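Reading through the structure tokens given below for one structure.
Derivation of every value follows stated rules applied to the coordinates shown; laboratory data play no part. Since the model is a prediction, treat every value here as computed from it, not as a measurement. Note that each Cβ is placed from the backbone with ideal geometry, even for glycine, and that neighbours are counted across all protein chains shown.
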Amino acid sequence: MEPQEADEVARLYVRSWQAGYKGLLPQYYLDLLSPERWKDSFAGLPGSFVLTEGGVIAGHSCARPAADEKMHGWGEVHTLYVLPEYWGRGFGTALLDNSVRCLKNQGFDRIYLWALDTNTRARRLYEKYGFTPTTDTLLCQVGNAEVTDIRYVLK
């Protein structure tokens, strides 16, 4: 990802959150999302990738060393989002491939990611790819709702 792509990636995040988390997160929270929330989050970070088609950034992922102290020595697929109109076309798998390859090239043999427990679309993708759910959970406050993320590990 190049720094000049940050605005488009931030807009991608808003659209993919609003579609992907519809019915899973509070609607008022999704309605209030704006690109400013993510604009400076990933620009120029090693392990931050975009996938384009026809000049459009269709997806973004970020792979990094584990942020969780409990997972020292692991690699983490921190984010993976695809525009809704590109769902079901292999873009998520391609981004996962790239993120996993990047982490393995950095020497991470063990890789994990988090998924919202109610996000069946994402969970199916991760499980099809070879990630398996663990008993590790993370409670998060999103708007006025408490939601649960499940840690997945790559076998």
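Residue pairs whose Cβ atoms lie under 6 Å apart, separated by 6 or more positions or on different chains, with the first residue in segment 22-39 and under 18 Å from residue 121 (Cβ atoms) and the second outside any loop (DSSP other than H, G, I, E, B) and not charged (D, E, K, R), are 25/142; 30/18.
The residues listed here are 147, 153, 56, 100; of these, the one that is within 19 Å of residue 14 (Cα to Cα), out of contact with any Cys (no Cβ under 8 Å at 6 or more places or on another chain) and of a type outside the set (Phe, Trp, Tyr) is 56.
Conditions (1) more than 22 Å from residue 37 (Cβ to Cβ); (2) surrounded by 14 or more Cβ atoms within 10 Å (Cβ to Cβ); (3) touching a His at 6+ places or on another chain (Cβ under 7 Å), marked per residue:
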position	(1), (2), (3)
99	no, yes, no
102	yes, yes, no
105	yes, no, no
109	yes, no, no
122	no, yes, no
129	yes, yes, no
135	yes, no, no
145	no, no, no
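I'd like to check which strands (runs of 3 or more DSSP E) are fully inside segment 95-155 and have at least 3 residues that are farther than 17 Å from residue 78 by Cβ. In segment 95-155, 131-142, 145-154 are the strands (runs of 3 or more DSSP E) which contain 3 or more residues that are farther than 17 Å from residue 78 by Cβ. Taking each residue of segment 5-19 that is farther than 11 Å from residue 81 by Cα and looking for partners that are aliphatic (A, V, I, L, M) and part of a helix (DSSP H, G or I) with beta-carbon atoms closer than 6 Å, six or more apart or interchain, yields 18/30.
Residues in segment 54-88 that are part of a strand (DSSP E or B) and of a type in the set (Phe, Trp, Tyr): how many? Matching residues across segment 54-88 total 1.
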